[in-house]
1. State the percentage of accessible surface on the stretch 36-183 attributable to carbon and sulfur atoms; use a 1.4 Å probe and exclude ligands, DNA and RNA.
2. Among the chymotrypsin sites (Phe, Trp or Tyr not before Pro) within the stretch 118-205, which fall in a DSSP loop and have no more than 13 other Cβ atoms within 10 Å of their own Cβ?
3. What Kirkwood hydrodynamic radius, in Å, does the stretch 156-198 give when the mean of 1/r is taken over all pairs of distinct Cα atoms and then inverted?
4. What net charge do the residues around THR128 carry, taking every other residue with its C-beta under 15 Å from that of THR128, with Lys and Arg at +1 and Asp and Glu at -1?
5. If you take every residue apart from TRP171 with its C-beta less than 10 Å away from the C-beta of TRP171, what net charge results, scoring Lys and Arg +1 and Asp and Glu -1?
6. Step by step: find N for the stretch 95-218, compute 2.2 N^0.38 Å, then divide the Cα radius of gyration by it. What's the final number?
7. May I ask for the percentage of alpha-carbon pairs in the stretch 22-86 that lie more than 21 Å from each other?
8. Along the Cα→Cβ direction, 7 angstrom out, place labels at PHE181 and ALA70. What is the inter-label distance in nm?
Amino acid sequence: MSTTEAALENLRIIRSLMEKAHIYRAVSAPAALTGGLLALAASTWPVQHALATHGVSLMSPGTFLDLWIAILLVASSLNVLLLATEAKRRGQPFVSEGMRMALRAFAPPMLVGGCVGIGLIVFLHNLTLAALIWVLCYGLALLSTSGFSPRSLVRLGWAFVIAGLALFFAWAANSDVRLLFSDEAPASLVMGLTFGLLHVIYALAVFFTKKPAEVQPK
């Protein structure tokens, strides 16, 4: 395939993704709501425990990591199931060229954030910095698809990046919080305010927004 043909093919794929953007927006909302509610529940428990016990840790770093990986798997599995169901309904392949393009954009920041965050927890036991890395890299991953994703996801990406930066400076500037015996509560608060609250707000905004007319498959 020549350079011109490759460019035209990429444009065709991007156009197809943009035409179906509202469909992904609607399909992703239930997964976002489920993940958001699970994140809020998982973050509230450690924060309440820390306040009641003056900062005593509720779980080990390994348990903290396992908990959030489990939430990620639940939300991701639901999202994949919903996308597969929608693709089948429309008579289209689940792993399309458009999905491959989106994954190529989405995967690098997610891979970096996931690996660095896990390393910070496993080797340095720094839960808060790991949570902040996850928030920022997830926001960047969403923004990496801005060329063909719905505007609501781009706004969500910016919300994660801005919230992540604000929480980082708040954490870095507060030595009392950084030097706590256990940083489980601050890390849980970061996760709850972002992966919890922001996802719930996004899902509710999608549910209460007028649905555009469906684009017929081509």
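The values are calculated or read from the model by the stated rules, or taken from the named source; none is laboratory data. Keep in mind it's a predicted model, so treat the numbers as computed, not measured. Heads up, the Cβs are rebuilt from the backbone with ideal geometry, glycines too, and the neighbour counts pull from every protein chain shown. Only protein heavy atoms, including side chains, enter the accessible area calculation; ligands, DNA and RNA are left aside. Shrake-Rupley method; radii C 1.70, N 1.55, O 1.52, S 1.80 Å.
1. Roughly 73 percent of what the probe reaches on the stretch 36-183 is carbon or sulfur.
2. PHE181
3. 10.8 Å is the Kirkwood radius here.
4. Numbers: positive: ARG178; negative: ASP176, ASP183, GLU184.
Spelling it out: positives minus negatives among the neighbours equals -2.
5. Summing Lys and Arg as +1 and Asp and Glu as -1 gives 0.
6. Compactness ratio reported: 1.22.
7. Roughly 37 percent, rounded to a whole number.
8. Using points 7 Å along Cα→Cβ, the separation is 2.6 nm.
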